[in-house]
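In what follows, a single structure is set out as structure tokens and then discussed.
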Amino acid sequence: MTRSAALRQYASDVAVLARKDALLELRSRDTVPAMLLFVVGSLVVFHFAVPADLSAETERVVAFGLLWVALLFTAILGLTRAFVAEREQRLIDALVLAPCDRSAIWLAKTLAVIAFLLLAELIALPAFALFFEPIDGRTIVAFLLANIGLAAVGTVLAAVSAASRTRELLLPLLLLPLAIPIVVGGIGASVADEPAQFLAFLVLYDAVFAIISWSAFEYVVTE
Amino acid sequence: MSLRNSLGSVFAIAAFAFLIASIALAFYWVPTDADQGFSQRIFYIHVPVALTAYVCFAWGAWKALRLLWTGDKRYDLESYTAVHMGVIFGVLVLATGAIWARISWGVWWSWGERQLVLFLILFLFYCAYFMLRNSVDAGPRQARMSAVYSLFGVVLIPISFLAIRLAENFIHPVVFTRDGPQMAGSMFFVFCLATVGTLALAAALYHVELSGKRLDLKLKELRKAHS
Amino acid sequence: MTTAETYVTAAFLVFLAVVLAWLVIYAFKMRRLEQEVRELAERAPAPTSDSTGAPKVVSARESDAGPDQESRRAPEPVR
């Protein structure tokens, strides 16, 4: 098989697998509605956590900080569900046995998670703009970049926690320390005077962790 | 086997000699820092311990990489032991760092001190590593998952360090720095002695713990074979 | 001692304390391992005591302890 044919095969594998996730979600409607409700709910809770008499600049930083925390928790909520279908139906064994590269499973799942996160942000960002502060372009770019990093690392860790005895309990513990740089980059890009370095930092994070996750996923799912 | 045992004893003796020497020199010989006074002497334990912790984490990640590369399961125990050592020394970094913050600034914790914050993140990360090991049944898959996670960890170290530096731009400006005047030659000498000492201590503990863990595993296997 | 001296000494003592704590934990672990070895050693010669030892077990013990030790251990249940 030539190189381009192999690449085309890989891409079609990924497309099929990603479509499977989208279809499953369309039929069951388990994950995305939960994420939407959760993110809006946490924004409302955060309103009561922020004192009213802050200066405008402080309030801005605090509000964006809370937005990023809300998004991180929403991502964790979605990721805990990422491999539930595979685990309950013993689908993961079949996927691992399928004649495709295992990293294709990772890529497809990551794309599905990114899509779910985008849907959640489609609701969360307008809601944030309505409740708290206006959203500008750099915040949106930061969210797009953060989605990639969160989904890349999160998918590997979701596969790990799906195979553990404690299941969903493990994922937040594994993911939170790894997500701290994303939150730093995201908040910085939203509020700092020079957002460029924070966006560059998010790009660096995405690139490094996407490569590791892509190459490491195989070791996590094989028995 | 005998070579490994003797290596352990060599490390233990070296740790004893270097640590005693460096502690004695740090208290009675090295000139007092002009800027920070006597309290600067914590430096001779805090920084070597931090370096040792980094070396342990890196060693654990290296063994993890070897495990994924070769599939040889003995690397799993080695990686696990190295990470365990790293966490022990990491806790020491947090403890001595807190004491240093207390002398210098009168508080037990300062978010302005990058290395402390980094070690807090690493502490959280590697505690999760132990949770992961505990909640997956022992076997090749547990070994591989732990290996992947510890590889994440060694990448997280520089990334987090960068993130902490960047975060200072919007959280608060740095008020405290420890970048004082250049170290005198004698200070650097004692610092090197202490670093070699803590590294040797970590290596000695690593050897003992590794053989303990191997013994434990062997006994479990024997038990299974007998029952 | 000045305050600074106290704190510096405390830092070094914390270092010592952690190493000693490790030692204590390891002492307990060693005791447990010793106990397990003893249990296993007690269990190992059991088949010979009722003289129904399966050949497989005997051969495993021979390779372990050597034939002369074997003959020394054999009369034990009679005493």
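None of the figures in this text is laboratory data; all of them are computed from the coordinates on show. Nothing here was measured: the structure is a model prediction, and the numbers come from that model. Using ideal geometry, Cβ is built from the backbone for each residue, glycine included, and neighbour counts are taken over all protein chains shown.
For peptide B:97-106, the mean count of partner chain Cβ atoms within 10 Å of a residue's Cβ comes to 3. Ranked by the mean number of other Cβ atoms within 10 Å of their residues, highest first, the peptides B:189-196, A:194-201, A:94-101 fall in the order B:189-196, A:194-201, A:94-101.
Entry note, chain B: the mean residue ellipticity at 222 nm calculated from DSSP H runs of n ≥ 4, each adding -39500 (n - 2.57), is -28500 deg cm²/dmol after division by the residues and rounding to the nearest 500. Each of residue B:138 and residue A:55 was given a label point 7 Å from its Cα along the Cα-to-Cβ line. The distance between the two points is 5.9 nm. Expressed as a fraction of 2.2 N^0.38 Å, the value expected for a compact globular protein of N residues, the C-alpha radius of gyration of chain B is 1.14. Between residue A:193 and residue A:9, residue separation times 0.36 nm minus the direct Cα-Cα distance comes to 61.7 nm.
Quotient of the Cα radius of gyration of the range A:99-195 and 2.2 N^0.38 Å, N being its number of residues: 1.23. The alpha-carbon positions of the range A:3-221 define a convex hull whose volume is 124 Å³ per residue. Among the trypsin sites (Lys or Arg not before Pro) within the range B:15-74, those in coil by DSSP and having at most 16 neighbouring Cβ atoms inside 10 Å are B:73. Inter-label distance, residue C:38 to residue A:89: 5.6 nm, where each label sits 7 Å from its Cα along the C-beta direction.
Among C:10-21, A:173-184, sorting by the average number of other beta carbon atoms lying within 10 angstrom of each residue, highest first, gives A:173-184, C:10-21. As a calculated quantity, the FRET efficiency between residue A:144 and residue C:2 at R0 = 56 Å, using C-beta atoms, amounts to about 0.50.
Taking only the Cα atoms of the protein assembly as shown, the radius of gyration and Dmax are 27.8, 93 Å. For the set B:63/B:218; B:224/C:29; B:63/B:224; A:109/B:218; A:109/B:224, the pairs lying more than 31 angstrom apart at their alpha carbons are A:109/B:218; A:109/B:224. Taking label points 7 Å from Cα along the Cα-to-Cβ direction, residue C:29 and residue A:223 give a separation of 3.2 nm.
For peptide A:84-95, the mean count of partner chain Cβ atoms within 10 Å of a residue's Cβ comes to 0.
Using alpha carbons only, how many angstrom separate the centre of the range A:1-78 from the centre of the range A:98-173? Value for the Cα centre distance between the two parts: 5 Å. Computed on chain A, with alpha-carbon pairs under 8 angstrom and 6+ residues apart, the relative contact order is 26 percent. Ranked by the mean number of other Cβ atoms within 10 Å of their residues, highest first, the peptides A:47-57, B:133-143 come out as B:133-143, A:47-57.
Potential lengthening of the chain between residue B:108 and residue B:13 amounts to 30.8 nm, from the contour at 0.36 nm per residue minus the alpha-carbon distance.
Need one value for B:19-25: mean number of C-beta atoms belonging to other chains within 10 Å of its residues' C-beta atoms. Let's see the in-between values first.
Values: counts 4, 0, 0, 0, 3, 0, 0.
Mean number of neighbouring Cβ atoms from other chains: 1.
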